[in-house]
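Novice: Structure incoming, see below.
The values are calculated or read from the model by the stated rules, or taken from the named source; none is laboratory data. Because the structure is predicted, anything quoted here is derived from the model rather than measured. Neighbour counts are summed over all protein chains in view; Cβ atoms, including those assigned to glycine, are modelled from backbone coordinates with ideal geometry. For accessibility, only protein heavy atoms count, side chains too; no ligands or nucleic acids. Shrake-Rupley method; radii C 1.70, N 1.55, O 1.52, S 1.80 Å.
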Amino acid sequence: MNIELQCSKCGCKDFQHPDDLNDESTITCNDCGASAPYGEVREQAITKAKEFIDGKLGNLFKGS
Ligand SMILES: [Zn+2]
């Protein structure tokens, strides 16, 4: 699954992050400068991706 990080403030997908990235690392939005722990942003991205997939499957299996 391809997880795309997204800034919760401005929606930008461009982040600055340390080379030794881990869940405790603080990543900073390149656009608005908001910073958050990588683990937190990743969790949000995973939740979003799951909701997207669930929505897709829901449509797929909704009887015709
Ligand atoms: Zn931002």
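Novice: Could you check how much of the accessible area of region 15-61 is carbon and sulfur, as a whole percent, using a 1.4 Å probe? All intermediate terms of the calculation are to be shown ahead of the outcome.
Specialist: Numbers: 1720 of 3420 Å².
Answer for region 15-61 is 50 percent, counting heavy atoms of protein chains only.
Novice: Within the chain, what is the longest stretch that has no GluC sites (Glu not before Pro) placed in a DSSP loop and near at most 13 other beta-carbon atoms within 10 Å? Walk me through the numbers before you get to the answer.
Specialist: Values: sites that count: 4, 24.
The longest uninterrupted stretch comes out as 25-64.
Novice: For the chain, take the longest principal axis of its alpha carbons; what is the angle in degrees between that and the long axis of helix 38-61, to the nearest 10 within 0 to 90?
Specialist: Orientation of helix 38-61: about 10 degrees from the principal axis.
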